[in-house]
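Here the structure is laid out as structure tokens; the discussion comes afterwards.
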Amino acid sequence: ADRVTVNDVVAGIDPAHPLTGVIHAAGALDDAMLPAQSPERLARVWGAKATAAANLHAATAHLRLGTFVMFSSFASDLGTPSQANYAAANAFCDALASHRQGLGLPGLSVAWGLWAATSGLTARLDTANLARIGRLGITANSTEEGLALLDAACRHGRPHLLALKLDTRALAAQDTATLPTPLRALAATGGSGRGRPAAAVGGRPTDWAGRLRGLPSPEQHRLLLNLVRSHAATVLGHADPATVHPDASFKDLGFDSLTGVELRNRLAAATGLRLPAALVFDHPEAAALAEHLRRQLAPDDAGAPDRDVLHPVFNELVRLENSLSDVAVEELDSGAVTTRLETLLSRWKAMCPSGDDAGAVERLQVATADQVLDFIDNELGLS
């Protein structure tokens with residue numbers, strides 16, 4: 001990034017072994033959400049990437065080079081959260097490649113996806129970050145695949161190319177509203193070239209207000225809690241929503257400002273609500289966030305919350321329901337599960353007698369055997 005030093009390096013090359021090509025693969029990161037970006041953050045990233053590219057261009061413009069390749073990133077084309085400075089620096093390289101070709105000079109900017117080999121830029125990627133990249137359909141390419149992509153890009157002739165290993169099936173499984181615009185057409189076709197119905201790719205948010213209308217508050221809360229836990233698990237890179245306990249704080253689960261904003265974006269796309277960027281910090285547990293969404297979507301029912309809605313027992317029932325919904329019935333002894341559930345229900349009814357129990361006892365005292373059997377079938381669900 002020091003122009004004088006670059007000029008000295010180029011000038012000091014032995015004429016007997018002249019410079020015939022440049023590959024600029026340097027880069028730096030200083031990630032932060034947009035409100036936290038600063039001139040200093042921009043300068044640190046811009047220097048290693050954009051300023052260095054500009055200096056290499058100026059120092060070699062008079063030479064007869066065979067290649068001038070800059071390593072860019074998909075961040076400049078698709079956008080990556082918290083990397084506005086990095087995306088801008090890579091976009092400069094993309095534009096410089098076009099500028100050089102316009103001058104009759106070699107110029108190529110290769111916007112890379114994810115390499116399997118860990119580098120200085122990718123060493124800090126955790127599970128949530130890798131999962132977020134994966135939801136763009138981008139899978140890691142091996143070193144051999146990367147070198148083959150580089151050869152193909154050099155042969156192609158265009159100044160700026162994306163070099164990605166793209167899983168279009170994974171891309172097609174995403175809600176298109178959460179994807180960068182350039183990927184939406186690929187998601188809609190699933191790589192097959194044939195369009196799919198908008199509903200299949202989440203073209204419109206669910207009418208949650210209509211879906212919740214008329215339901216009791218606990219049921220409204222349960223549905224929205226499932227929604228929050230499902231999206232929170234996805235953002236964190238977990239397949240099972242049960243990993244997101246309703247009463248666990250998002251911070252303890254591993255959320256930061258970046259993943260918090262992604263959860264906000266996903267919930268906004270799913271519900272159609274305008275939600276603040278600090279949503280998960282204002283409502284720091286899944287149960288609290290679900291109740292907030294319920295008040296937004298069902299304002300007519302947004303009085304004093306039902307004291308049972310956030311009770312741990314209710315949360316455990318939600319967890320049980322999710323487990324039963326996800327399990328493959330053929331993998332379990334369904335009869336044993338049914339018996340266990342019926343036993344629990346019988347115990348619960350015994351603990352919580354209804355106001356009609358006295359009348360039930362009186363009826364049993366004068367009932368016939370057939371009537372007693374009917375009572376067992378109807379009241380206990382046993383047969």
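What follows is calculated from the coordinates using simple rules that are stated; it is not laboratory data. The structure displayed is predicted, hence computed values, not measured ones. Reconstructed Cβ throughout: ideal geometry from the backbone, glycine too, with neighbour counts over all protein chains shown.
Key figures for this structure:
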| read-out | value |
| --- | --- |
| Summed residue charge, Cβ within 10 Å of Gln37's Cβ, Lys/Arg positive, Asp/Glu negative | -2 |
| Percent of beta bridges antiparallel (DSSP, the stretch 3-166, rounded to nearest 5) | 10 percent |
| Inter-centroid distance (Cα atoms) of the stretch 209-242 relative to the stretch 143-183, Å | 33 Å |
| Sorted by Cβ density within 10 Å, fewest first, the residues Cys93, Cys352 | Cys352, Cys93 |
